[in-house]
1. Quickly run through region 105-120 and pick out the residues that are part of a helix (DSSP H, G or I) and of a type outside the set (S, T, N, Q).
2. Give the residue, chosen from VAL127, VAL123, VAL102, that is part of a helix (DSSP H, G or I), of a type in the set (Val, Ile, Thr), buried (at least 19 other Cβ atoms within 10 Å of the Cβ) and under 15 Å from the mean Cα position of the chain (by Cα).
3. Can you pull out every residue in region 50-61 that is within 14 Å of the chain's Cα centre (by Cα) and either open to solvent by 60 Å² or more (accessible area, probe 1.4 Å) or within 19 Å of HIS117 (Cβ to Cβ) (or both)?
4. Would you mind stating whether LEU62 is more than 19 Å from SER25 (Cβ to Cβ) and either out of contact with any strand residue (DSSP E or B) (no Cβ under 6 Å at 6 or more places or on another chain) or free of Cβ contacts under 8 Å to residues at least 24 places away in the same chain (or both)?
5. Restricting the search to region 137-148, which residues are open to solvent by less than 80 Å² (accessible area, probe 1.4 Å) and part of a helix (DSSP H, G or I)?
Amino acid sequence: MSTRAINTTVLKPVAGSAERFFQWSLYVLLVVGFTALMGTNKLDPPSLALVIPALLLRGYLLLMRKSFVISERWTSFLTILYFAFYAADYFYFSQSFMDATVHMVLFSLVIKIFSVHRERDLVYLAVLAFLMVLAAAVLTVDTVFLLAFSFFILVAIATFISMEMRRS
């Protein structure tokens, strides 16, 4: 791995309170989406071992106001590599379309939270959070999901309002 592959930079202090609020609300949206999915008790240990440390690292970086960015070149390479793994996951490992697709969403989440280069990547993260909640809705019929979904809706409203505030 070359030194150009991974870039660690400190966020500029120019980021105002609206930007910080948006970053934190997007992070909470992702955590709530993953928590709803984790609440189904249908995630395997490798998925948990990949996503939980990634979300904790992202929270730590937000807290310290630092940024860890994977280059677009590595992001593309990892994504292409994952598509080959997706086929193997579907046919051999999980042998289920739903499980393989949930694994793909979780992999996309981990890669995307560390490779935000454009504004659309932030919207893509919000869509990934929604996909996690959607998968949780398919995988469970529990009243705890209702609480997680209600909290998700509140955080989603705050996230999209702050996203519009950033744009204007």
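The values are calculated or read from the model by the stated rules, or taken from the named source; none is laboratory data. Keep in mind that this is a model prediction, so the values were computed, not measured. Glycine also receives a Cβ, built like all others from the backbone with ideal geometry; neighbour counts cover every protein chain displayed. The accessibility values were calculated without ligands, DNA or RNA, using every heavy atom of the protein model including side chains. Shrake-Rupley method; radii C 1.70, N 1.55, O 1.52, S 1.80 Å.
1. VAL105, LEU106, PHE107, LEU109, VAL110, ILE111, LYS112, ILE113, GLU119, ARG120
2. VAL102
3. LEU50, ILE52, PRO53, ALA54, LEU56, LEU57, ARG58
4. Numbers: more than 19 Å from SER25 (Cβ to Cβ): no; either out of contact with any strand residue (DSSP E or B) (no Cβ under 6 Å at 6 or more places or on another chain) or free of Cβ contacts under 8 Å to residues at least 24 places away in the same chain (or both): yes.
When the stated conditions are applied, LEU62 does not pass them.
5. ALA137, LEU139, PHE145, ALA148
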